[in-house]
Amino acid sequence: MNKLLFLIKRPKVVVIMGGARQCCKEAVFRVLEPHFKIGKEVLIYEEDSQNQGNLEFLIKKSSLPVLVVTHVGEYHPDREFFAGDLQKVEAARKLARLLSSQGYLVLNFDDETVRDLANESIAHPLTFGFGARSAVKANHVVLTQFPSLGTNFKVNYEGNIVPVWLEKLFGKEHIYSALAAAAVGEVLGLNLVEVSAALKSYRGLPGKMQLKKGIKNSWVLDDSESASSLSMAEALSVLKKIETPGRKMAVLGDIIGIGKYTVEAHEALGERVAESCDFLFTVGSRARFIAQGAVKSGMSEDKIFRFDETGRAGLFLQEKIQPDDLILVDGSKEMSMINIVKEVVALSSSPV
């Protein structure tokens, strides 16, 4: 019955694939929701392991199918381009080949593996990214300072330039999501001014570089949902760049899944810690190598605190926090760093 109704109404469909697809879906929703009836005029889907067949049907039968591929490689905080595993785009490749010439393929230009999907489809390609040859590109990225914290940047499309403000959000993942949403908005007939206005309501997702009000008038930069060595490096870079009247603390848990490079990767992060913050709290056996790297880079031992689990770390951190402190909480999902966030976020603080 649902398929029959779909064939009768033939709504526009936006399918989102790749890493950060959850944040991207939220950004796309925020951009389209003021202008379309979501669920009727426009359907928005993200890829999961169960819905590939359904997505193929939607792509083939929609009046205007839009396939968004965010990134499959892991972006580097200090580099513009990167590449992902070819196997990770196989599902996207299948859908790209199903797109008609009336459809659109919205691709992250900075991920070379994703960029090449344009060669797999007869649909209109529209790229986004930081690269100069991206169609929808970001530049002039600025982290705003206290008291109005967040990320400002400019979006440029065909010579039209508008500023975008992401309140209490930081990191490339949110900028990429906003750029993808801007590209989808262009495909569906919105202009950049409308897109920029809509993105003011974008708040990301919990645990994804969100800034929250902490106890004792502090601030918590919550990146607790997941971590890799590169994403944690970016989080530390953000922590370093934000100017604050208080102290900076990094609360870092183990990064799971690095394998034989575990020691080296964690120690390298310690080098970044030494130049990014005033105090380091580690959680887990692997994160102790972060502390080791920080000490080697000149951080004093009396500014480093090591814990085996989040419970004791959270309680100790509560005692140490002072007004205007900025606290980054990061680590692999398996480390349950969200428990520390819950300990130090103010009760009156709602998700931003």
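The values are calculated or read from the model by the stated rules, or taken from the named source; none is laboratory data. In this text the structure is predicted, and so the values were computed from the model without any measurement. Methodologically, a virtual Cβ is constructed for each residue, glycine included, from the backbone with ideal geometry; neighbour enumeration extends over all protein chains shown.
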* Asked: What number of residues in region 170-197 are crowded, with 24+ Cβ neighbours inside 10 Å and either outside the structural domain of His71 (by TED's automatic domain parsing) or among the hydrophobic types (A, V, I, L, M, F, W, C) (or both)?
  -> 9
* **Residues satisfying the stated conditions in region 131-160, i.e. in contact with a strand residue (DSSP E or B) (Cβ under 9 Å, 6 or more places away or on another chain), more than 17 Å from Glu234 (Cβ to Cβ), outside any loop (DSSP other than H, G, I, E, B) and in contact (Cβ under 8 Å) with a residue 24 or more places away in the chain** => Val136, Lys137, Val155, Tyr157
* To do: Collect the residues in region 182-199 that are polar (S, T, N, Q) and either assigned to a helix (DSSP H, G or I) or within 22 Å of Ser62 (Cβ to Cβ) (or both), keeping them in residue-number order.
  => Ser196
* To do: Please tell me if Lys12 is of a type in the set (Lys, Arg), surrounded by 14 or more Cβ atoms within 10 Å (Cβ to Cβ), modelled with pLDDT of 95 or more and within 16 Å of the chain's Cα centre (by Cα).
  => no
* Go through region 276-288 residue by residue and tally those that are in a helix (DSSP H, G or I) and within 14 Å of Met232 (Cα to Cα). => 1
* Asked: List the pairs whose first member sits in region 84-110 and is within 19 Å of Tyr176 (Cβ to Cβ), whose second member is in a helix (DSSP H, G or I) and β-branched (Val, Ile, Thr), and whose Cβ atoms are under 6 Å apart, counting only residues at least 6 apart or on separate chains?
  -> Gly84/Thr113; Val89/Thr113; Tyr104/Val187; Leu107/Val114; Asn108/Val114
* Structure fact -> Being surrounded by 18 or more Cβ atoms within 10 Å (Cβ to Cβ) and of a type in the set (Asp, Glu) narrows Asp324, Asp302, Asp308, Asp330 down to just Asp330
* Within region 207-243, which residues are small (Gly, Ala, Ser) and under 23 Å from Gly257 (Cβ atoms)? -> Gly207, Ser224, Ser226, Ala227, Ser228, Ser229, Ser231, Ala233, Ala235, Ser237
* Checklist (1) under 20 Å from His124 (Cα atoms); (2) of a type outside the set (A, V, I, L, M, F, W, C); (3) part of a helix (DSSP H, G or I) applied to His174, failing item -> (1)
* Scan Val295, Val251, Val263 and give me the residue that is within 13 Å of Leu328 (Cα to Cα), at pLDDT 95 or above and in the same structural domain as Lys320 (by TED's automatic domain parsing). => Val251
* **Among the candidates Ala96, Ala92, Ala27, residue that is of a type in the set (A, V, I, L, M, F, W, C) and under 23 Å from Val141 (Cβ atoms)** => Ala27
* Structure fact -> When Glu46 is run through (1) buried (at least 19 other Cβ atoms within 10 Å of the Cβ); (2) out of contact with any Lys or Arg (no Cβ under 6 Å at 6 or more places or on another chain), the failure sits at (2)
* Asked: Identify, please: which residue in region 121-170 is within 22 Å of Lys241 (Cβ to Cβ) and among the aromatic types (Phe, Trp, Tyr) and is, among those, modelled with the lowest pLDDT?
  -> Phe146
* Asked: Within the set of pairs 6+ apart or on separate chains, which have a first residue in region 33-48 that is in contact (Cβ under 8 Å) with a residue 60 or more places away in the chain and assigned by TED's automatic domain parsing to the domain that holds Val69, a second that is assigned to a strand (DSSP E or B) and crowded, with 16+ Cβ neighbours inside 10 Å, and C-beta atoms under 7 Å apart?
  -> Phe36/Val42; Val42/Lys12; Val42/Val14
* Of the residues Lys88, Lys60, Lys37, which is crowded, with 16+ Cβ neighbours inside 10 Å and basic (Lys, Arg)? -> Lys88
* Asked: Does any residue of region 105-114 turn out to be assigned to a strand (DSSP E or B) and among the acidic types (Asp, Glu)?
  -> yes
* Asked: Taking region 311-331, which residues are of a type in the set (Gly, Ala, Ser) and not in a helix (DSSP H, G or I)?
  -> Gly331
* To do: Hey, could you check region 198-221 for residues that are under 20 Å from the mean Cα position of the chain (by Cα) and of a type in the set (Gly, Ala, Ser) and say which is surrounded by the most Cβ atoms within 10 Å (Cβ to Cβ)?
  => Gly204
* Kindly indicate which of Leu105, Leu149, Leu67, Leu55 is over 22 Å from the mean Cα position of the chain (by Cα), crowded, with 17+ Cβ neighbours inside 10 Å and not hydroxyl-bearing (Ser, Thr, Tyr). => Leu55
* Determine if region 170-183 includes at least one residue that is among the acidic types (Asp, Glu) and within 15 Å of Asn108 (Cα to Cα). => yes
